[in-house]
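Heads up, the thing below is written out as structure tokens.
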Amino acid sequence: MGRFLGPLDSALNSVVGGVNDFLAFKQALPVALDFLAASGWALLVSFPLAILAAGIRYTVARRRTADFEKYRATVDLLKDELEQVKRQISSGNCVNTALPAEDELSDVRPMLTRRV
């Protein structure tokens, strides 16, 4: 009789193990679905934030490029003025004349305020 109970016992252990696995899966399923729902909402929120960040980055890059172009224009103007001064000095005509860049020169850098 004992030799017939061996296969029956292993079959029952197999069934009980399958039921336990199913119950564990059934208990873990709501937790996994909650995690997937939360991650889905986070992904849904991250797309508009990424687009907003890209727009801000583009605006800052355009502003930086415009500032650089202003600097470049100022440097070019000052180079031209320096060449005019060099020519006047080399020719010996040191007449007190106003240079064209004096009126046009403006500081394009943002004003830095120092608090004491």
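The values are calculated or read from the model by the stated rules, or taken from the named source; none is laboratory data. Since the model is a prediction, treat every value here as computed from it, not as a measurement. Quick reminder, even Gly has a Cβ in these numbers, built from the backbone with ideal geometry, and neighbours come from all protein chains shown.
The table for this structure:
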quantity: Single residue of ARG114, ARG3 found to be basic (Lys, Arg), assigned to a helix (DSSP H, G or I) and modelled with pLDDT under 90; calculated: ARG3
quantity: Every pair of residues 6+ apart whose Cβ atoms lie under 6 Å, when the first sits in the stretch 65-91 and is assigned to a helix (DSSP H, G or I) while the second is modelled with pLDDT under 95; calculated: LYS70/VAL108; LEU77/ALA101; GLU81/LEU99; GLU81/ALA101
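Matching residues to (1) loosely packed, with under 10 Cβ neighbours inside 10 Å; (2) of a type outside the set (Lys, Arg); (3) under 45 Å from the mean Cα position of the chain (by Cα); (4) modelled with pLDDT of 80 or more:
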position: ASP9; (1), (2), (3), (4): no, yes, no, no
position: VAL19; (1), (2), (3), (4): no, yes, no, yes
position: TYR71; (1), (2), (3), (4): no, yes, yes, yes
position: ALA101; (1), (2), (3), (4): no, yes, yes, no
